[in-house]
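Input: a single structure, listed below in structure tokens.
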Amino acid sequence: MTSSAPASAAGPAWALRCRGLHRHLGEGEGRVHVLKGVSFEAERGQVYAIVGPSGCGKSTLLYLLGLLDRPDEGEIEINGRRMSNHDDAARTAARGEHIGFVFQFHFLMLEFTALENVMMPMRKLGRLAPAAMRERAHALLDSVGLGAKTHRLGTQLSGGEQQRVAIARALANQPAILLADEPTGNLDVRNSNLVFDLLTRLAKDNGQAVVLVTHNPEIAQRCDVTRPMRDGLFV
Amino acid sequence: MTSPNLRIAYRFLTAKKRAMVMSLACTILGVGLFIVTQATTSGFERFFTKTILGINGAIRIEDKIQDTMRSMAAAGGGDSHFARRDGVKYIEGIEEPQALMAAVREFPNVRGVSAVVRGNVQLQSAFKLEDAQVFGIRLEDHVRVSDLAEQVTNGSLEDFRNSPTGALVGRVLADRLQLAVGDSLVISARGASRRVQVAAIYETGYREVDKTNVYLHQPEARSLLKRPSGATFLQISLHDPARAPQDAARLEQVLRHSVKPWQEREKTWLAVFRALRISTMITVSVFTLIASLAMFNTLAMIVLEKTKDIAILRSMGYERRDVTRIFLWQAGLVLAVGAVAGALLGAAVTWLVAQVPLPINGIFKTDRFIVTWDPAHYAGAVLTAVVMVMVASLIPARRAARLEPGDIVRGTAQ
């Protein structure tokens, strides 16, 4: 299912759109055509699940949508602005301002406390004063249930807690788009449900588009839209 | 710590304590040893310079230039005159020292000028006979162009001043002739002899001088050497001895006499000191090179270990230049601490070396290791470390910045 939305005075209802994305990976004889002309849209306030077997191109699509990678062909628009042909600096700036990432292995910076990890994207964007950054980071950690552990280093948190910090960090700059690559893939059932609920509740509260890649059918079922992929195409 | 890049750099660095301490230790050693070697080698060079300036002054004027057709033609072209010295002939000595001295005093860098009458003599003490050189001086003039006042070790300059037949005898010569202050000796030259009294014994530390030079009052020397007028040379001291070559060139052009600056006079020894300084600088730079390699190694390790952190930073909006800066900040932090600690180490070791007893007597006299306290050595050491460490750090820093976040997250980062 692909949803499309008409543009309003405040901008398009969709936060993210791509058209005809192609991507090859590898070199020479090992070169694989991973994405074969994928198109996709994500509206604000909606949660999308991209599902499919390993190697079908889900994560590759997610990294392209998150501007972490460049397509060989096709277009990507973020908040109505075409980004696929921009230089690295513009794409990096767009990531910092409009996109939040949650990865399977959380990727917390372990030498920093939970609070510092959440403040890190805010410090780069520089939109808030230091005191306001600190206040927002505290509020975000409160909202993911870690208000009492703000000063713990990454190494002093459990896997579930680290993933919750990663969610708070992804939301730090109030991005329009939240991209999650197997956010519950490394967690037990209880923590999986907790993390998914948090992700969807916070995104819905803030009107953010959430796109997550998952192997977990239960998680996928609970999303607003599920997009199955096979061999580099949505089916 | 307000910069996010600096904050991240600090945490990355302190997470690799052992490697960081190794880089830091190498930087401290590099900076410290650079300072110590420069302090010691230039210490001896400066002491030598002070010694020879204290004996022979900064500039000597001797021998009048006899104009020839060739030199006169060249003189019209300004500096080209000096390039054609082979066309110049000289007349020995200074014919009109007073006029020349008055002209020399007009030069702003000139501190003092002394006319000297010199001649070969024989000294006869009660013990033995020695060859020597007599220098006839006007004491008031000569103390302004030499360190004679500080070089007197026995007797006093005042005794010499008050004794028209007094002599200042070098320490080595006095020992050879077994002379003490108050003893008399006979000076013979050109068939004439005179009895003089040792008013004082001086020691410059330059053995050749202490072995041969005897100072007499100029009237006494003129009488002995049968030279009623003129002078052998003019000795000049300068406010800024480093400018001696320029002043000498100008003096030669204006006064039409042969003028030699101390740098030309002592060029053999100065070349030896320069070679010594450069060789130690090269040796010590190896330590700084090791420091830069250690920094390279530390940063390369951190890049390898922090690829995921680099990916997450890039995903959060940190630009490639932020990543470069994070790694250069790490080098900067090590350099900042290393430079301060290295400078302190350098200063401490320099002070300790200055306490080492080391009797030297030959081209100068000292009983301790000589060091120089010069801020330029500290600046040079820090600058060398900064350049070498930062250049070595650029490679891993640029490699970190080139990492593609998509590749890292996919787990295919090369």
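The values are calculated or read from the model by the stated rules, or taken from the named source; none is laboratory data. What you are looking at is a predicted structure, and each value in this text was computed from that prediction instead of being measured. As a convention, Cβ positions derive from the backbone with ideal geometry for all residues, glycine included, and neighbour counts pool all protein chains shown. The accessibility values were calculated without ligands, DNA or RNA, using every heavy atom of the protein model including side chains. Shrake-Rupley method; radii C 1.70, N 1.55, O 1.52, S 1.80 Å.
List of remarks:
- Largest mean-square fluctuation among A:Pro121, A:Pro217, A:Pro71, in a Gaussian network model of chain A whose springs join Cα atoms under 10 Å apart, belongs to A:Pro217.
- GNM remark for chain B: springs join alpha carbons under 10 Å apart, and the peak mean-square fluctuation among B:Met101, B:Met390, B:Met316 falls on B:Met316.
- Per-residue accessible area (protein heavy atoms, 1.4 Å probe) orders B:Asp210, B:Asp147 as B:Asp147, B:Asp210, starting from the largest.
- Cα point-scatterer Debye curve for chain B, base-10 log of I(q)/I(0) at q = 0.06 Å⁻¹: -0.43
- Only one residue of B:Leu13, B:Gly119, B:Val284 has its Cα farthest out toward the positive end of the dipole of chain B, where Lys and Arg carry +1 and Asp and Glu -1 on Cβ, and that residue is B:Leu13.
- Note on chain B: lysine pairs with Cα distance below 13 Å, sequence gap of 8 or more or different chains, count 4.
- In terms of its Cα atoms, the stretch A:150-219 spans 32, 30, 17 Å along the principal axes, sorted from long to short.
- Debye log10 I(q)/I(0) for chain A, one point scatterer per Cα, at q = 0.10, 0.14 Å⁻¹: -0.45, -0.89
- Overall shape of the stretch B:132-242 was characterised from the C-alpha gyration tensor. The equivalent ellipsoid obtained from it has semi-axes of 20, 18, 13 Å, in decreasing order.
- The relative contact order of the stretch B:59-261, computed from alpha carbon pairs under 8 Å that lie at least 6 residues apart in sequence, is 31 percent.
- Viscosity 1.306 mPa s, 10 °C: Kirkwood-radius Stokes-Einstein D of the stretch B:255-414 over Cα pairs, µm²/s: 81
- Projected over every direction and averaged, the convex hull enclosing the alpha-carbon atoms of the stretch B:331-394 yields 5.3 nm².
- 13 Å beta-carbon shell around B:Pro405, net charge (K/R +1, D/E -1): +1
- Under the Debye formula (equal points on every Cα, no solvent term), log10 I(q)/I(0) of the protein assembly as shown at q = 0.07, 0.08, 0.10 Å⁻¹: -0.65, -0.72, -0.91
- For the stretch B:100-166, the convex hull spanned by the alpha carbon atoms encloses 120 Å³ per residue.
- In terms of its Cα atoms, the stretch A:15-116 spans 44, 31, 28 Å along the principal axes, sorted from long to short.
- Residue among B:Ser315, B:Ser23, B:Ser184 with the largest mean-square fluctuation in a Gaussian network model of chain B, springs linking Cα atoms under 10 Å: B:Ser315
- Whole-number D in µm²/s for the stretch B:59-261 (Stokes-Einstein; Kirkwood sum over Cα pairs; 25 °C, 0.890 mPa s): 137
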